[in-house]
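Below is one structure; the comments refer to it alone.
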Amino acid sequence: MTRRTLAGLMLTTALLGTGAAAQDVTLTIESWRNDDLSIWQDQIIPAFEAANPGIKVEFTPSAPAEYNAALNSKLDAGTAGDLITCRPFDASLALYDGGKLADLSDLGAMANFSDVAKSAWQTDDGAHTFCVPMASVIHGFIYNKDAFAELGIEPPATVDEFFAVLDKIKEDGTYIPMAMGTNDQWEAATMGYQNIGPNYWKGEEGRRALIAGNQKLTDEPWVEPYRQLARWGAYLGDGYEAQTYPDSQNLFTLGRAAIYPAGSWEISGFNAQADFEMGAFPPPVVNAGDECYISDHTDIAIGLNAASPNAEAARTFLEWVGSAEFASLYANALPGFFSLNSAPVEMADPLAQEFVSWRDKCQSTIRSTYQILSRGTPNLENETWNASANVIRGAESPEDAAARLQAGLASWYGPQQ
Amino acid sequence: MATRSRAHVIVFLAPAVLVYTAVMIWPLFNTLRLALYTSGEEGRVFTGLANFATLFGDPRWSGAFWNALGNNFWFFFIHMIVQNPIGIALAAILSHPRLRFAALYRSAIFIPTILSFVIVGFAWKLILSPIWGIAPSMLDAVGLKSLFAPWLGRESSALTTLALISVWQFVGIPMMLIYAALLSIPEEILEAGEIDGITGWAAFWWIKLPLILPSIGIISILTFVGNFNAFDLIYASQGALAGPDFSTDILGTFLYRTFFGFQLQLGDPHMGSTIATAMFAIILAGVCIYLFAIQTRMRRYQF
């Protein structure tokens, strides 16, 4: 009896085996984007499998807060999937240095990405790239088009126009000029300092000079954004000191505020909440006609588990992730998360299209504090949150804040000493 | 015979001692031990008291530490001068024999104590919100709108506001303990006082208060330990950075940021343990001062 069952099982297995292709491979993707599960299952994976018969892909996300810890223990135990979704900068760099992520510098699709796009997943010297960039988020200002039409104002291009617009909205009194609070601090740094700053420190040029130690945070290009932020306080709503991030979002989508200093990740949420038309403008430049810079912050990428037994198939998949086809699929499924691919992507969402169109006329950079500079104590990113919020509240002068940040950075970072 | 009869004591104590050792004593001493190490190139390195030298010697670390400690003392001070007098007053009113609906008041005042910190923090944040909050509109209704300020967002008022929220939440505990102490005072003593002409306020001041002093001592030390271990309320309402500008940073949030890291800052278990050890020492010192300097001198009355 037992023997017959066993024989039967073996026969079934053999039949099933011949049914599927001989080298059928299943790739598993580790990710923290559990929000995107249906997008991967319904749109992205079917498109790949149709083009690459013989390779099956499974998307197995975990909760964002647990991802790093869970991934590390899976990698240590040898049970992690073949493809690893990469956090930007040090978290992934540590995995590469620990031999957990494979070097992908020789991948053909890498040619489709600019150096800025790859910088979040490279060794410090830029010699080795270990993840294929997937998406970035862009900073700018989202505005209420109806409110602007009502007040007869146009989106500003220069700093002077920007404050003229704010003055006009404030004078009229119907709308809060700008929806932002300092309670949560990170908005002041991320949507404030890192949003308008690249125009002053000239994007990558200034960021790299800071890392190399050729510029200091007390230099004019790094202090001036704080002086601008110090002027913002007058245009934020009543009691902005205690206003939280969700408060700001609600103020804007309820139509009570006219301008929202934004990151593009807000787009899908705002589309669902706001019942007025929205537009967007890039951070204003000092003089009309100046070269403009935007924060196009690299946020998510995908790499290869160095211990994967299916490396060949995984590389095929990664080549596809680096293609224009994937870029278009991904960017349209998730408006606000923009493809980092050099090939232009046409998006259906007008607001997302507006944001991404700035890439053509402006230079892209990433947030100045994310690469290398936040490795020590005191942590520059956290200090920047605090300094930006202080400057907006008027609790600290721009010069003092810059001097404090510089002293903190110089206390542990060699090139700044 | 005497030694045999003691064997069972050990057997009965063993489970509790083992569990307590495993989940409390061992982790405590391991934390103290961790403070003596640092992570070097090849794993953990013993560095003796170097972490303490950093914590108290480095101007950045010591600045953050003394700021947190100072805030913690202010937090405790507000509790002592607001929570305990209100608790005693409420207990005195509740124990009044002619008060109607005493049970209802007692429960109503005690309910916030059983709420989660997260709920309390969130609810008060909404109440005090300058945008949607009920506090500005209530003040407006009585014509005092000008008194309203975004208290939680101002450096000058954020910590005091949070301390008062915490008092609101926990005032039920001193009230209950003192209420129980007041009920245990025998009627005969009060009647004897009445015969001597001591009634009303004088009776409370000269008879009841001395008799409930031991309870007030216990409440003070519980408040002290609770406040110096506090973390949840600040974290729930102001976040781990304890804004604005670290004005609400107490030892608990400072420890959390250091030990577990925050945003791009990676956690540092060794400096975290150093802070935890300092907190342990502060609380231990406070409790010892109470036990040896205050409690032993307190007079107790037997009825």
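The Rg/Rh ratio of the stretch A:118-270, with Rg taken over Cα atoms and Rh as the Kirkwood radius over Cα pairs, comes to 1.02. Per residue, the stretch B:60-297 exposes 49 Å² of solvent-accessible protein surface, assessed with a 1.4 angstrom probe and all protein chains in place. The shape of the stretch B:40-113 can be summarised by an equivalent ellipsoid whose semi-axes, obtained from the alpha carbon gyration tensor, come to 49, 15, 9 Å from longest to shortest. Out of every Cα pair in the stretch A:283-411, what percent are spaced more than 20 Å from each other? Tail fraction, whole percent: 64. Of B:283, B:119, B:195, the residue with the largest accessible area leads and the full order is B:195, B:119, B:283 (1.4 Å probe). Pairs from the table (A:170/B:145; A:145/A:202; A:202/A:361; A:118/A:202) lying more than 23 angstrom apart at Cα are A:145/A:202. Each residue of the stretch B:30-36 is assigned a 3J(HN,Hα), and the resulting list reads 5, 5, 4, 5, 4, 5, 8 Hz, derived from the Karplus form 6.51 cos²θ - 1.76 cosθ + 1.60 (θ = phi - 60°), x at Gly and Pro.
Of the GluC sites (Glu not before Pro) found in the stretch A:327-417, those that fall in a DSSP loop while having at most 16 other beta-carbon atoms within 10 Å are A:346. For residue B:37, the amide hydrogen comes within under 5 Å of the amide hydrogens of B:47, counting only partners 5 or more places away or on other chains and with H modelled in the peptide plane. A simple spin-label model places the labels of residue B:8 and residue A:245 6.1 nm from each other, with each point 7 Å out along Cα-to-Cβ.
A simple spin-label model places pseudo-atoms 7 Å from Cα toward Cβ; at residue B:291 and residue B:142 they are separated by 4.6 nm. Between A:362, A:86, A:131, the Gaussian network model of chain A with springs among Cα atoms under 10 angstrom shows the greatest mean-square fluctuation at A:362. Once both labels are positioned 7 Å from their Cα atoms along Cα-to-Cβ, the gap between residue A:111 and residue A:254 label points is 5.4 nm. Counting only Cβ charges, +1 for Lys and Arg and -1 for Asp and Glu, the dipole size of the stretch B:60-297 around its Cα centre is about 340 debye. With contributions of -39500 (n - 2.57) from each DSSP H run of at least four residues, the per-residue ellipticity at 222 nm computed over the protein assembly as shown stands at -15500 deg cm²/dmol.
Looking at the stretch B:94-180, the trypsin sites (Lys or Arg not before Pro) that sit in a DSSP loop and have at most 11 other Cβ atoms within 10 Å of their own Cβ are B:98, B:100.
Suppose R0 equals 56 Å. What FRET efficiency, 1/(1 + (r/R0)^6) with r the Cβ-Cβ distance, do residue A:171 and residue A:35 give to the nearest 0.05? It comes out at approximately 0.85. Comparing B:35, B:203, B:180 in a Gaussian network model of chain B, where Cα atoms under 10 Å apart are tied by springs, the biggest mean-square fluctuation is seen for B:203. Once the convex hull of all Cα atoms in the stretch B:60-297 is built, its volume per residue stands at 157 Å³. Partnerless cysteines in the protein assembly as shown, where a partner means another cysteine C-beta under 4.7 angstrom, comprise B:288.
The chymotrypsin sites (Phe, Trp or Tyr not before Pro) of the stretch B:22-115 meeting both criteria, a DSSP state outside H, G, I, E and B (loop) and at most 14 other C-beta atoms within 10 angstrom of the site's C-beta, are B:101. What the Cα atoms of the stretch B:187-303 give is an Rg and a Dmax of 21.8, 72 Å.
Let me test this: with uniform point scatterers at the alpha carbons of the protein assembly as shown, what is the Debye-based log₁₀ I(q)/I(0) at q = 0.05, 0.08, 0.12 1/Å? Values, matching the q order: -0.34, -0.80, -1.40.
Over all directions, the projected convex hull of the C-alpha atoms in chain A averages 23.3 nm² in area.
Ignoring any ligand, DNA or RNA, what whole percent of the accessible area of the protein assembly as shown comes from carbon and sulfur when the probe is 1.4 angstrom? That fraction is 61 percent. What the pair-distance distribution of the stretch B:1-154 shows, using all Cα-Cα distances binned every 10 Å from zero, is 8, 14, 22, 22, 20, 11, 3, 1, 0 percent. Across chain A, C-alpha contacts under 8 Å between residues 6 or more apart give a mean separation that, scaled by the residue count, equals a relative contact order of 25 percent. Here residue A:26 and residue A:69 are evaluated by their C-beta separation; at R0 = 22 Å the FRET efficiency comes out at 0.30. Measuring gaps between exposed loop sites in chain B (GluC sites (Glu not before Pro); DSSP loop; at most 16 other Cβ atoms within 10 Å), the longest gap, sites not included, is B:156-303. Sorting A:380, B:222 on solvent-accessible area from highest to lowest, probe radius 1.4 Å, gives B:222, A:380.
The values are calculated or read from the model by the stated rules, or taken from the named source; none is laboratory data. Quick caveat: nothing in here was measured; it's all calculated off a predicted structure. Heads up, the Cβs are rebuilt from the backbone with ideal geometry, glycines too, and the neighbour counts pull from every protein chain shown. SASA here: full protein model, heavy atoms, side chains in, ligands and nucleic acids out. Shrake-Rupley method; radii C 1.70, N 1.55, O 1.52, S 1.80 Å.
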